[in-house]
Amino acid sequence: MSSNPTTITYIVDQLSNLAPHIRSRKMFGEYAIYYQDRVIALVCDDTLFVKITNQGKTLLDADYAEGIPYPGAKAHIKVAEEIINDQGKLCQLITITYNNLPPKKWSI
């Protein structure tokens, strides 16, 4: 099942405070969300999945849950609808996650 385009539009709108560094890209019927040109989250089956960091876990505290965005994928933070609707907290989660991801591996 693919995500509804209105879902991704809403999520990107909720992240508008991070513009112009936030964007989405359709991939195989689902979406990747980029922050600072790095994949930070996925939207699969109308559910937002953010890469896991210890700081993200701490921020969400009792709202923290894990999920698998698609078969074979690593676990991600499964973001609850209440967090998506809280623009400030959602932007904070994306920023904290980006700032605490391991350095990008470059290959030539």
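The values are calculated or read from the model by the stated rules, or taken from the named source; none is laboratory data. The structure presented is a predicted model; accordingly, all values stated were derived computationally and were not measured. A quick note on method: Cβ atoms are made from the backbone with ideal geometry, for glycine too, and the neighbour counts reach across all protein chains shown. With ligands, DNA and RNA removed, areas are computed over all heavy atoms of the protein, side chains included. Shrake-Rupley method; radii C 1.70, N 1.55, O 1.52, S 1.80 Å.
For region 55-62, the criterion of being of a type in the set (A, V, I, L, M), open to solvent by 20 Å² or more (accessible area, probe 1.4 Å) and at pLDDT below 95 is met by at least one residue.
Residue count for region 31-49 satisfying the condition of being surrounded by fewer than 20 Cβ atoms within 10 Å (Cβ to Cβ) and either without any contact (Cβ under 8 Å) to a residue 24 or more places away in the chain or in contact with a Cys (Cβ under 9 Å, 6 or more places away or on another chain) (or both): 4. If only residues of region 3-20 that are part of a loop (DSSP other than H, G, I, E, B) and surrounded by 12 or more Cβ atoms within 10 Å (Cβ to Cβ) are counted, the one that is modelled with the highest pLDDT is Leu15.
Residue by residue through region 21-67, note down the ones that are part of a helix (DSSP H, G or I) and either of a type in the set (Phe, Trp, Tyr) or under 13 Å from Asn100 (Cα atoms) (or both). Asn54, Gln55, Gly56, Lys57, Thr58, Leu59, listed by residue number. Take the residues of region 68-103 that are hydroxyl-bearing (Ser, Thr, Tyr) and closer than 19 Å to Asp13 by Cα: which is surrounded by the most Cβ atoms within 10 Å (Cβ to Cβ)? The residue in question is Thr97.
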